[in-house]
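Reading through the structure tokens given below for one structure.
Nothing in this text is a laboratory measurement; each read-out follows from the coordinates by a stated rule. This structure is a prediction, so every number in the text was calculated from the model and none was measured. Cβ: placed from backbone, ideal geometry, glycine included. Neighbour counts: every protein chain shown.
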Amino acid sequence: MSSVASLSELFPSTVQGETIKNNPNELGQEDFMTLLVTQLENQDPTKPMDNLEFISQLAQFGTVSGIQDLQGGFSGLSSVLYANQALQAAGLVGQEVSTSSNMGYLAEEGGELNATVALPGDATSLKLYVQDQSGQLIYSRSFGATEQGNLNVSWDGTDAEGNTVAPGRYRLSAEAWIDGQNEAVSVYPRQRVESVSVAGDGSGVLLNLADGSQVSISSVKSFH
């Protein structure tokens, strides 16, 4: 007479084996199977589990397994996209970028600092200001009527008397007369990208700029 194997024998790795958990607070695939097998072994023989209920639990098991497979797939896709972003960012080395900061960097004495002024409307007049890190105004320049859009401007690294200033970080700002009102407008200085780094926490790709600062590639406004 042939013997009928118990559920423990059919699923030895599930019931008797040691389950490895990535997170003790999460119900994993092996945990789910262990609970199902235990339920079947301890059910009342006179009131066996309903077929529909059993199928429902198997479907839940399949859903858990499928979700885990999807999570693994998305994790792999994320790694590929992350590596691709780093590769694209490496192509920016040596180029200039504009970020959301209005701090610019004069790389050398007698050099130039380029920037982009964003005008939300047609301006009858425009004025550009350059301040040092202490907030002292060292240079200003007036422009005539300027159309709405992005205006490329440059500062030659001199003060109001025409004297050459020292290399370093400078703050750029601008005001424009638009629709009969004088309002502050955004200025985005450009900086050279010296190298690219990958954030240690996996949050993204960082650009190392000429002034020694780091910015996320997502904060870049434009490339030049």
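Would you grab the residues whose amide H sits under 5 Å from the one on Ser222? Only those 5+ places off in sequence or on another chain, please, with H modelled 1.01 Å from N.
Ser98
So what does the Cα-only Debye profile of the range 96-223 read at q = 0.15, 0.17 Å⁻¹, as log10 I(q)/I(0), no solvent term?
Log-scaled intensity ratios, in q order: -0.72, -0.88.
What ranking do 168-177, 92-101 get when scored by the average of other Cβ atoms within 10 Å per residue, highest first? Provide the component values of the computation, followed by the final result.
Numbers: 168-177: 19.0, 92-101: 16.2.
Ranking, from highest mean packing down: 168-177, 92-101.
Output ³J(HN,Hα) for the range 173-188: one whole-Hz value per residue in order, computed from phi by the Karplus curve 6.51 cos²θ - 1.76 cosθ + 1.60 with θ = phi - 60°, and x for Gly and Pro.
Along the range 173-188, the couplings run 8, 8, 10, 9, 9, 10, 6, x, 10, 8, 9, 6, 10, 6, 10, 10 Hz.
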